[in-house]
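Visitor: Right, I'll just put the structure down here and ask away after.
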Amino acid sequence: MIFHQQNYNISLFPLEHSYMDQNSIIEIRSLCKSFGQFKAVYNLDLTVNQGDIYGFLGPNGAGKSTTIRMLMSLISPTSGSISVFGRPLMSHRNEILSGIGAIVEKPDFYLYLTAEENLRILGKMNSIDLSSKQIHRSLDQVGLLDRAKSKVKTFSYGMKQRLGIAQALLHDPELIVLDEPTNGLDPVGVKEIRELILRLRSEQQKTIFLSSHILPEVELIANRMVIINKGTAVIEGSVSELLNSGMLTVNFSIDDMEKAKTILRESQFASSVLGFSADSNVHIKLSKERIADCTTFLVDHGIGIDGISSTRSLEEYFLSITRS
Amino acid sequence: MFFTVLSIELSKIFSKGRSYIGFGAITILVPIVQAAMYSEGEAYFGLFTQGLQQQFSFTGTFLNGYLIAFVVLQSLLVHVPLLVTLVAGDMLAGEATGGTYRLLFSRPVSRHTIVLAKYSAALLYTIGLIAWMSLLSMGLSLLLFGSGELFIVSSSITVLQKEDILWRFGYAYLFGILSMSTVASIAFMFSALVENSIGPIAMTMAIIIVFTIISALDAGFIKDVKYLLFTNHLISWRLFFEETVPVDRILLSTWVLGGHSIASLLIALFVIVKKDILS
């Protein structure tokens, strides 16, 4: 079941921006990046406010990393503008970058150096001469203290990911940009990073720009989010609004398909029926409040229900663009 | 910030095993040459000057520390380019291969500063390598063989007096640094152009070989422009051992080598500043 993208945007989650928001930390306007004929990012607009955990969601190849690379001044936009901390990135590059900690894609480090040496070097590049104590505290924060003296070439991917987070936090940045930070982590690691991100916002009032291709990961921690696809933002808003105000696709597993077809066709739910599948399932688009009504209706008309499952419209929609 | 990045780059260079290959090779090769000269030197130079001995009468020995240092300088400057490119060619390409361009260029330091610091680090490494070579070849040779007159046979025979030699070696080593810095600069430029560490080494060595072959040709327009090829000037350090040092030729070599170095640096700067970091 796939909604038409255009209808979906208009009916449920219209794009909205607070262009003149005084608290905005990142403002991206009409951002485009082309590689030859290929448009990796096209007309992207987004605003991240101070204190946000902002989910930057999209399937692989949607343009997330390209956007982050532009945000980190690693690649130049073809057109459009990026402002961070209220200043244009192009003209205030160094000033802005000193306030950002980031993981950009894979966590690559100098493999021939130890974790501690890597952090010391990166600290110096940020004009901070870190003491061993400070470095150890950073490593402890991500559970790598006991490997401080180990060369990074001996680290697993998950450990490098943790080290990536440590280096992003090293200079106490105001804005933290995390590109798929839980990639390669085990479930415990994922939980720890999630908790760390939440702590960074609640205890240190950091703003976090979190890129991911996993919707549940974003919805667990982000307060606002955007979904991008093919380089363009398709939905932006608060996570609770996007997730809770939407309709659900409810699947009723029933015992009498023919009877259900007849009674539903003449019922108040007729326009909500999305289809019937060969495995005795009927799919109905319903709000959360109406699931009980529909269940009662079916049972009252003698339809046995073996099971009920639901998929949120947003999730369905996100899966559809991910699949495509 | 430049000096901070420079110190970081130097510490990175000396944390990598490949950076010691050059020092190791020189440390092994120079004593081997010296040992060979110590045991077989007299016979070797006797054979070498056989023709001359039929026309001239020689007293004493040619074999001394200065001659050994000269031989080592001559032989090692053929191989040192490879040792220099191992490090200079890795300065930028190594970051691309390791994916650390992202770490480096997302810091609040301009790309100009990073490139200039990396270039300076590569030059300091080159200086260190030549200094080590001079220390071993000159210091150890003088210790083992003592000093004396320097007898050089090329297109003519030059005999330099003992007290007229040391300054020539000083300038020759300085010129050696300039030559090898040019090689390092070219490797550095290739390092900015490609994203693997082998490419710059292969390209630099290929350029040296091709230019050397072209330099040997005397045909047509090549004859008129070959003085512009840097390979033609890499061994101009030998000019310091002519009885009257040809300052004009040395200046020309300095200009050509310096020009190649500056042009290489500017190309590397332009490429990196404009580069989209996609690795």
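Values in this text are rule-based calculations from the coordinates and carry no lab data. Only a predicted model underlies this, so the values are computations on that prediction, with no experimental measurement involved. All Cβ positions, glycine included, derive from the backbone under ideal geometry; neighbour counts span all protein chains shown.
Visitor: Pairs on different chains or at least eight residues apart, Cα atoms closer than 20 Å: how many lysine pairs in chain B fit?
Guide: 4
Visitor: Defining a contact as two alpha carbons under 8 Å apart and six or more residues distant in sequence, what relative contact order in percent does the range A:27-150 show?
Guide: Normalised by residue count, the contact order of the range A:27-150 is 19 percent.
Visitor: In percent, how large is the relative contact order of chain A, given Cα pairs closer than 8 Å and 6 or more residues apart? Write down the numbers at each step before the final one.
Guide: Numbers: 582 pairs, mean separation 69.2, N = 324.
Result for chain A is 21 percent.
Visitor: Out of A:His171, A:Thr262, B:Trp237, whose Cα points farthest toward the positive end of the dipole of the protein assembly as shown (charges: +1 Lys, Arg; -1 Asp, Glu; placed on Cβ)?
Guide: Farthest along the dipole direction, towards plus: B:Trp237.
Visitor: Using alpha carbon coordinates only, what is the Rg to Rh ratio of the range A:196-247, with Rh defined as the Kirkwood radius?
Guide: Rg divided by Rh gives 0.99.
Visitor: Quick check: pseudo-label points 7 Å beyond the Cα along Cα→Cβ at A:Glu203 and B:Gln161, how many nm apart are they?
Guide: 8.0 nm
Visitor: Moving on to the next point. Give me Rg/Rg_expected for the range A:221-275, where Rg uses Cα atoms only and Rg_expected = 2.2 N^0.38 Å with N residues. Show your work: numbers first, answer last.
Guide: Working: Rg = 17.4 Å, N = 55, 2.2 N^0.38 = 10.1 Å.
Cα Rg divided by the expected 2.2 N^0.38 Å: 1.72.
Visitor: Given a Förster distance of 41 Å, report the FRET efficiency between A:Ser156 and B:Thr4 from their Cβ-Cβ distance, rounded to the nearest 0.05. Intermediate results must be reported in sequence, preceding the final value.
Guide: On the way: r = 31 Å, r/R0 = 0.76.
The value I calculate is 0.85.
Visitor: Does the protein assembly as shown come out rounded, prolate or oblate by the C-alpha gyration tensor, with a ≥ b ≥ c the root eigenvalues, rounded set by a/c under 1.5 and, if not, prolate when a/b is larger than b/c and oblate if not?
Guide: Prolate.
Visitor: With a ≥ b ≥ c the root eigenvalues of the C-alpha gyration tensor of the range B:137-253, is it rounded (a/c under 1.5), prolate (a/b larger than b/c) or oblate? The partial results should precede the final answer.
Guide: Numbers: a/c = 2.67, a/b = 1.54, b/c = 1.73.
In terms of gyration-tensor shape, oblate.
Visitor: Okay, moving on. For the range A:73-225, with the dipole built from +1 on Lys and Arg beta-carbon atoms and -1 on Asp and Glu ones, taken about the Cα centre, which of A:Val190, A:His92, A:Ser131 lies farthest toward the positive end?
Guide: Sorting the options by dipole projection puts first A:Ser131.
Visitor: Then there's this: Kindly state, to the nearest 0.05, the FRET efficiency for A:Lys259 paired with A:Lys288, given R0 = 22 Å and r defined as their beta-carbon distance. Before the final figure, lay out each step's value.
Guide: Details: r = 26 Å, r/R0 = 1.19.
Rounded to the nearest 0.05, the efficiency is 0.25.
Visitor: Here is a further query. Taking each residue in B:97-104, count the Cβ atoms of any other chain within 10 Å of its Cβ, then average. What number comes out?
Guide: 6
Visitor: Among A:Leu210, B:Ala219, B:Trp167, whose Cα sits farthest toward the positive end of the charge dipole of the protein assembly as shown (+1 at Cβ of Lys/Arg, -1 at Cβ of Asp/Glu, about the Cα centre)?
Guide: Value: B:Trp167.
Visitor: State, as an integer percentage, the relative contact order of chain B based on alpha-carbon contacts under 8 Å between residues 6 or more apart.
Guide: 26 percent
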